[in-house]
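The values are calculated or read from the model by the stated rules, or taken from the named source; none is laboratory data. Just so it is clear, the structure is predicted and the values come from calculations on it, not from any experiment. With ideal geometry, Cβ positions are generated from the backbone for all residues, glycine too; neighbour counts draw on all protein chains shown.
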Amino acid sequence: MQPEKKNEFLAFIGHINIDIVLRVSALGDLVSTPVTEAMEAFGGTAGNFALIGSILGFPFDIISIVSAKSHSSYIEEMKRRKINTEFIRIVDGNFGPNCYAVTDGVNQRYFMADGPMGTDDYIFPAKNYEYIHSSTGIPEKNLALIETTPHSKVVFDPGQEAGSKYNSSAIKRFLDVANVIICNEHEINIIQNLSNVNIAEMTATGIDIIITRGSKGTTLYHSDKKIDVKALKAEKVVDTIGAGDSFRAGFYAALYNKYDIDFAVLCGNIVAGLTVQSGIMKYDQSWKVVESIAKKLKETNIT
């Protein structure tokens, strides 16, 4: 079932957070750690994805829930970037969602307050999508949207919530509907342990598995093949927050432009590599730039 309109390419479910970021010289186990800088920033899996995706120029709808009390400036920034906010539920009560992040510039620790994402319901789009991307959120709510919204493919991407919000039953239900899984090494181990299904068994059912490894690149399990895709070497690292979300934006930009999945993974690596050199809010590289870099690196970076 193929979408009839460009804006039916992708529905992306996930958090739009106000991040309270505390910068420290090093993450440790000290009871009291000196903070070198404190700042408020836009974040969240869906929020970060949208900020980068809007620059890469492909169509998507964001499915999320936020509080008007805390998120008015974030929504205004999205509108300024011409991001479709039609399916972002904005509630008057509650507050958040907020993520409290402690970072040394390379490593992070997160403390999440769901706010209305935990208490209110999504707006269900009356659309037919090529892809529905299930990122962070309440598993049952994400599944309900998938089950009631026409689509061709589902991408399962539980992120850091794999170990906190998902039980064995929920993981198995997502494996039943997923066409693609995107996760890191820690998350794929959780998925395997909770489902009692290993990577080989997942791919045998037709699921493509994309495992991101940061500066080590990405591994793609596609059919009976294992494909390693090298990362883009960063000339400098400004901030790694949101690198994974920017990977997903690069990945979908390539799929929208009719490239195959291994080239899309390479584009995801490139966007992530460019983002860590600038930070989410200062990212400004167009799809044409990413595409050009990917074409040059295709022979050497996909093995």
| request: Might you let me know whether the range 114-133 holds any residue that is within 23 Å of TYR252 (Cβ to Cβ), at pLDDT 95 or above, polar (S, T, N, Q) and not in a helix (DSSP H, G or I)? | output: yes
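Table: residues versus (1) surrounded by 17 or more Cβ atoms within 10 Å (Cβ to Cβ); (2) modelled with pLDDT under 95; (3) under 30 Å from ALA126 (Cα atoms).
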{"residue": "SER32", "(1), (2), (3)": "no, yes, no"}
{"residue": "ALA41", "(1), (2), (3)": "yes, yes, no"}
{"residue": "GLY47", "(1), (2), (3)": "yes, no, yes"}
{"residue": "PRO59", "(1), (2), (3)": "no, no, yes"}
{"residue": "SER64", "(1), (2), (3)": "yes, no, yes"}
{"residue": "MET78", "(1), (2), (3)": "yes, no, yes"}
{"residue": "GLY96", "(1), (2), (3)": "yes, no, yes"}
{"residue": "TYR110", "(1), (2), (3)": "no, yes, no"}
| message | Within the range 205-228, does at least one residue satisfy the condition of being touching a helix residue (DSSP H, G or I) at 6+ places or on another chain (Cβ under 9 Å), within 24 Å of SER169 (Cβ to Cβ) and of a type in the set (S, T, N, Q)? | response | yes
| query | Out of all the residues in the range 264-303, which are more than 17 Å from GLY214 (Cα to Cα) and buried (at least 22 other Cβ atoms within 10 Å of the Cβ)? | reply | VAL290, ALA294
| request: May I ask you to list the residues in the range 212-226 that are crowded, with 17+ Cβ neighbours inside 10 Å and modelled with pLDDT of 95 or more? | output: THR212, GLY217, THR218, THR219, LEU220, TYR221
| said: Against the condition over 26 Å from TYR110 (Cα atoms), of a type in the set (Val, Ile, Thr), surrounded by 15 or more Cβ atoms within 10 Å (Cβ to Cβ) and out of contact with any His (no Cβ under 7 Å at 6 or more places or on another chain), how does VAL197 come out, does it pass? | reply: yes
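Say we look at the range 200-239 and pick out the residues that are outside any loop (DSSP other than H, G, I, E, B) and polar (S, T, N, Q); which of these is nearest to GLY105 (Cα to Cα)?
Restricting attention to the range 200-239, the residues satisfying the condition of being outside any loop (DSSP other than H, G, I, E, B) are 200-204, 208-212, 214-216, 218-222, 225-229.
Subsequent filtering for residues that are polar (S, T, N, Q) retains 203, 212, 215, 218-219.
Details: THR203: 35, THR212: 19, SER215: 14, THR218: 21, THR219: 24 Å.
The selected residue is SER215.
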| request: List the number of the failed condition for ASP245; all other conditions in (1) free of Cβ contacts under 8 Å to residues at least 40 places away in the same chain; (2) in contact with a Phe, Trp or Tyr (Cβ under 8 Å, 6 or more places away or on another chain); (3) of a type in the set (Asp, Glu) hold. | output: (1)
| query | With (1) within 20 Å of GLY57 (Cα to Cα); (2) of a type outside the set (Lys, Arg); (3) without any contact (Cβ under 8 Å) to a residue 40 or more places away in the chain; (4) part of a helix (DSSP H, G or I) as the list, and TYR259 as the residue in question, which single condition is left unmet? | reply | (4)
